[in-house]
1. Grab the Cα-Cα distance for Ser107 and Ala49, subtract it from 0.36 nm times how many residues apart they are, and report the gain in nm with one decimal.
2. Just to check I understand the Karplus step: with θ = phi - 60° and J = 6.51 cos²θ - 1.76 cosθ + 1.60, what whole-Hz values come out for segment 3-13, glycine and proline as x?
3. Leaving out ligands and nucleic acids, note down the accessible area per residue over segment 1-50 with a 1.4 angstrom probe, in whole Å².
4. In nanometres, what is the gap between the two model label sites at Arg62 and Ser20, each 7 Å from Cα along Cα-to-Cβ?
5. Separation between the Met71 and Met1 pseudo-spin-labels, each 7 Å from Cα along Cα→Cβ, expressed in nm?
6. Along segment 31-42, what does the Karplus equation 6.51 cos²θ - 1.76 cosθ + 1.60 (θ = phi - 60°) give for ³J(HN,Hα), rounded to whole Hz, x for Gly and Pro?
7. What does the highest-first list of 61-72, 105-116, 42-53 look like by mean Cβ count within 10 Å?
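The values are calculated or read from the model by the stated rules, or taken from the named source; none is laboratory data. The structure displayed is predicted, hence computed values, not measured ones. With ideal geometry, Cβ positions are generated from the backbone for all residues, glycine too; neighbour counts draw on all protein chains shown. Ligands, DNA and RNA are stripped out before the accessible areas are found, and what is left, the full protein with its side chains, is counted by its heavy atoms. Shrake-Rupley method; radii C 1.70, N 1.55, O 1.52, S 1.80 Å.
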Amino acid sequence: MIEKAILGKPPLERQIARTSRATPLLASLHDGLQETLRSLSRKSALADAIRYALKLWPALIRYTSNGLVEMDNNTAERALRTVALGRKNFLFAGSDAGGERAAAIYSLIGSAKLNGVGRTLTKLTLSTVPTRPAITSLAFIVIRRQVHALTVPSNCA
């Protein structure tokens, strides 16, 4: 509820809200974890999980001291999901070799979309890759150079 209330607010306002509202909740959670850890067997799975959480505690609370930092990495995960799902889906493309090729192409196109050169790269991929006996790192290097040449102004190259 805290993050939902401050979504889209300026960084300073987010930091103030997090410091005043989230920090006390996190401190209470930290104390509860330490108390629970003292009551558990050292070898229990729950104790291992709590020790792991406490070891990473500074990373967990980092977002409370900086309004620019997001609480989670969901935005990045969503952006990369297209690439990962496509790669996984194409593993069932008729044959192992065909699936690997399709996954490689889909990953390349998805990465290009994320970097703003999707249409250019798609055209180059569909025109260049079929002329190669197999998708190799050389084909990717050729395509990457062609995209770079098309997207960088000639006076900057």
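1. Numbers: separation 58, 0.36 × 58 = 20.88 nm, distance 3.40 nm.
That pair, Ser107 and Ala49, stretches by 17.5 nm at full extension.
2. Couplings: 5, 5, 6, 9, 4, x, 7, x, x, 5, 5 Hz.
3. Working: 3670 Å² over 50 residues.
Spelled out: the 1.4 Å probe surface of segment 1-50, per residue, equals 73 Å².
4. The answer from the label model is 2.6 nm.
5. 1.2 nm
6. Once θ is set to phi - 60°, the couplings for segment 31-42 become 4, x, 5, 5, 5, 5, 4, 5, 8, 9, 5, 4 Hz.
7. On the way: 61-72: 13.9, 105-116: 17.1, 42-53: 11.7.
My ranking of the peptides, most packed first, is 105-116, 61-72, 42-53.
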